Amino acid sequence: MAFSGNAMCTTFKKELMEAKHNFLNSGGNTFNLALYTNSAVPSNMGGSGSTMNGSVTNYATANEISGTNYTAKGVALTRVNPSNIGTTAITDFSNAVYSNVTISAVRGAVLFNDSASNDASVIVLDFGSDKAASTGDFTVVFPAADASNAIIRIA
């Protein structure tokens, strides 16, 4: 099994300190969500090991899903401006919708910065089991944008 839970990419944490990611809605970077089969491994994405985890460093096409109306690199995400909730900083995205697709064996995703020169990874998402869509919309629902659940939060 390649995916084993959700993970914030280790290189992303360092790159935050280097100001390589801009999440502002106006003038910020473009972030994408690419979908993968359970055959995806971090070593194909600059990471190490055989389990999709925080060692993923960048987007790669190896084991990315394919299907009708699915495009390599997935979909561009709509950013929600970063904010503070109490002492926690958060940012979020609108739900990702892959329109009118026929895809199968979708086990997880990599959220990455498409504006970065190396398509730097941010988060690895594990869907828990294979998912599919047949001539319909495939939607990835992001969690509530609050201090306990936002997809990206720093406490």
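Whenever you get a sec, compute what percent of the accessible area on segment 12-106 sits on carbon and sulfur atoms (1.4 Å probe).
Values: 2140 of 4440 Å².
That fraction is 48 percent.
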Can you list residues whose amide H is under 5 Å from Met52's amide H, if they're 5+ apart or on another chain and H is modeled 1.01 Å from N?
Phe3, Ser4
Please list, ordered by chain and number, the residues whose modelled amide H lies under 5 Å from the amide H of Gly108; skip anything fewer than 5 residues away on the same chain.
Tyr36, Phe127
Provide the per-residue ³J(HN,Hα) series for segment 25-42, in order, calculated from phi with Karplus coefficients 6.51, -1.76, 1.60 and θ = phi - 60°, each as a whole number of Hz, with x at glycine and proline positions.
5, 9, x, x, 6, 9, 10, 10, 10, 9, 9, 9, 7, 6, 7, 5, 9, x
Skipping prolines and chain starts, which residues have an amide H placed within reach, meaning under 5 Å, of the one on Ile85, given they are 5 or more residues away or on another chain?
Ile90
C-alpha center-to-center spacing [segment 122-155, segment 47-104] in angstrom
8 Å
Dividing the alpha-carbon radius of gyration of segment 3-58 by 2.2 N^0.38 Å (N being the number of residues), what value is obtained?
1.25
Sticking with the crude label model, points 7 Å out along Cα→Cβ, report the distance from Thr102 to Thr71 in nm, one decimal please.
2.1 nm
Accessible surface, per residue, of segment 19-155 when the full set of protein chains is kept, probe 1.4 Å, Å²
44 Å²
Mean projected area (nm²) of the alpha-carbon convex hull when segment 24-111 is viewed from all directions:
6.8 nm²
Using the Kirkwood radius over Cα pairs of the chain, the Stokes-Einstein translational diffusion coefficient at 10 °C and 1.306 mPa s, in µm²/s and rounded to a whole number, is 102 µm²/s
Can you figure out the FRET efficiency of Ser43 with Ser83, using R₀ = 35 Å and their beta-carbon distance, to the nearest 0.05?
0.45
Assuming R0 = 25 Å, what is the FRET efficiency of Ser129 and Ala19, from their Cβ-Cβ distance, to the nearest 0.05?
0.10
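The values are calculated or read from the model by the stated rules, or taken from the named source; none is laboratory data. None of these values were measured; they are calculated from a predicted model. Neighbour counts are summed over all protein chains in view; Cβ atoms, including those assigned to glycine, are modelled from backbone coordinates with ideal geometry. Just so you know, the surface numbers come from the protein's heavy atoms only, side chains and all, with ligands and any DNA or RNA stripped out. Shrake-Rupley method; radii C 1.70, N 1.55, O 1.52, S 1.80 Å.
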